[in-house]
Amino acid sequence: MTALGSRFSDALGFAADVHAGQLRKGPDEIPYIAHLLAVASIVIENGGSEDEAIAALLHDAVEDRGGEPRAQEIEERFGAPVAGIVRECSDSIAADPTKKDDWGERKRAYLDYLRTASDGAIAVSLADKLHNARAIVRDVELHGDEVWERFSETDPVKQVRYYHSLARRLRDRAGESPLVEELEQAAERMRVHARVSRTDAEADL
């Protein structure tokens, strides 16, 4: 059982402050903290450490809310192991989130990095991508193709390819895992809803 102490409570408050006012992409205007709580819950439920649970709460703080200066703040407050996982889970560390590199370049680099990422980063990344995939499938089922327009990459073929690629890469790293199986199932449901052929879905991103 994962023991959670005051560091986790502090991280939860920190995450709420960092992401204050931020909403999930989608029609329902869900506060972003809901995603962070969900990712942390998945990590905890699957035996993650307190550091991994804290990193799950903070996994988007660098990518979306401050870049490397934010990573340094996380390291000072929560330690190098937590900051290391957060950095590994970030596909951009640009201080200005509007100045990220091209979507495809970032995602291909992230997929490549997962080959050598730490076990802690794999645990958080798997939880993150699974929760995102669940949300996309749910929203497509409720709202249809308009969902794709909310992303910086609006082509559903590329989104489907990315999630199929993630599932393959995370299976390589995490092995036989109920979470990997659920991610694979979500990626397949995404493919069907987006009307993407299996050949296109399994092509390189």
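No lab work stands behind these numbers, since they all come straight from the coordinates. Not measured: the values here are computed from a predicted model. Cβ atoms come from the backbone with ideal geometry, glycine included; neighbour counts cover every protein chain shown.
Can you pull out every residue in region 26-63 that is hydroxyl-bearing (Ser, Thr, Tyr) and either part of a helix (DSSP H, G or I) or farther than 15 Å from Phe14 by Cα (or both)? Ser41, Ser49, listed by residue number.
Residues are listed down the side, and each one gets a yes or a no for (1) farther than 22 Å from Val39 by Cα; (2) part of a helix (DSSP H, G or I); (3) polar (S, T, N, Q):
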{"residue": "Ala117", "(1), (2), (3)": "no, no, no"}
{"residue": "Leu126", "(1), (2), (3)": "no, yes, no"}
{"residue": "Asn132", "(1), (2), (3)": "no, yes, yes"}
{"residue": "Ile136", "(1), (2), (3)": "no, yes, no"}
{"residue": "His143", "(1), (2), (3)": "yes, yes, no"}
{"residue": "Glu149", "(1), (2), (3)": "yes, yes, no"}
{"residue": "Arg171", "(1), (2), (3)": "no, yes, no"}
{"residue": "Glu181", "(1), (2), (3)": "no, yes, no"}
{"residue": "Met190", "(1), (2), (3)": "no, yes, no"}
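Within the option set Tyr162, Tyr113, being in contact (Cβ under 8 Å) with a residue 24 or more places away in the chain and in contact with a Leu (Cβ under 7 Å, 6 or more places away or on another chain) holds for one residue only, Tyr162. Selection over region 1-48 of residues that are of a type in the set (Ser, Thr, Tyr) and under 18 Å from the mean Cα position of the chain (by Cα) gives a count of 2.
Being surrounded by 15 or more Cβ atoms within 10 Å (Cβ to Cβ) and under 20 Å from Leu58 (Cα atoms) holds for only one residue in Leu183, Leu179, Leu126, and it is Leu126. Looking at Val196, Val140, just one residue is closer than 27 Å to Leu23 by Cα, surrounded by 15 or more Cβ atoms within 10 Å (Cβ to Cβ) and of a type outside the set (D, E, K, R), and that residue is Val140.
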